[in-house]
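Asks: Below you'll find the structure I mean.
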Amino acid sequence: YSGSFFHRFLPRNEMDIAGVNVGARVDLDASGERIEGARISVGAVAPVPLFVAEAGDALVGETPTEDSFGRAADIAAAAATPITDMRGSIAQRVHLTRVLTYRALDRALERAREA
């Protein structure tokens, strides 16, 4: 079973440019209790979009829990290298990378369980 989700944070201003975006996919085993694979990508927080393989790899074999998703979100946030600009400060965008990664994983899990 697989599920995916894309989350985009768009600050309210005159430009339609994302401050942070995250895509996640979760693959569950047949029992739906273990993660067989996961993919996490983040955008607008580095010069180019990043595929954060380490974050997905950290979930393989794990039970999907707040802790396991939190660890993966921490890894994704650590990979972010944003700049401060009109879309937000470095600190805000790193924080949002963590929050949106967690949320994207959670929604991808919901979708995988519905499949």
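The values are calculated or read from the model by the stated rules, or taken from the named source; none is laboratory data. The model shown is predicted, which means the values in this text are computed figures rather than measured ones. Every residue, glycine as well, gets a Cβ built from its backbone with ideal geometry; the counts of neighbours run over all protein chains shown.
Asks: Can you tell me how many residues in region 84-115 are small (G, A, S), surrounded by fewer than 16 Cβ atoms within 10 Å (Cβ to Cβ) and under 16 Å from F5 (Cα atoms)?
Replies: 1
Asks: List every residue pair whose Cβ atoms lie under 8 Å apart, where the two residues are 6 or more positions apart in sequence or sit on different chains, the first residue falls within region 92-115 and is without any contact (Cβ under 8 Å) to a residue 60 or more places away in the chain, and the second residue, located anywhere, is surrounded by fewer than 18 Cβ atoms within 10 Å (Cβ to Cβ).
Replies: Matching pairs, first to second residue: R98/D74; Y102/G70.
Asks: Please work out if T81 is in contact (Cβ under 8 Å) with a residue 24 or more places away in the chain, surrounded by fewer than 16 Cβ atoms within 10 Å (Cβ to Cβ), more than 13 Å from the chain's Cα centre (by Cα) and under 18 Å from S2 (Cα atoms).
Replies: So T81 does not fit the description; no.
Asks: Would you check which residues across region 35-78 are part of a loop (DSSP other than H, G, I, E, B), small (G, A, S) and either surrounded by 14 or more Cβ atoms within 10 Å (Cβ to Cβ) or at pLDDT below 95 (or both) and list them?
Replies: If the condition is that a residue be part of a loop (DSSP other than H, G, I, E, B), small (G, A, S) and either surrounded by 14 or more Cβ atoms within 10 Å (Cβ to Cβ) or at pLDDT below 95 (or both), then A44, A46, A58 are the ones that fit.
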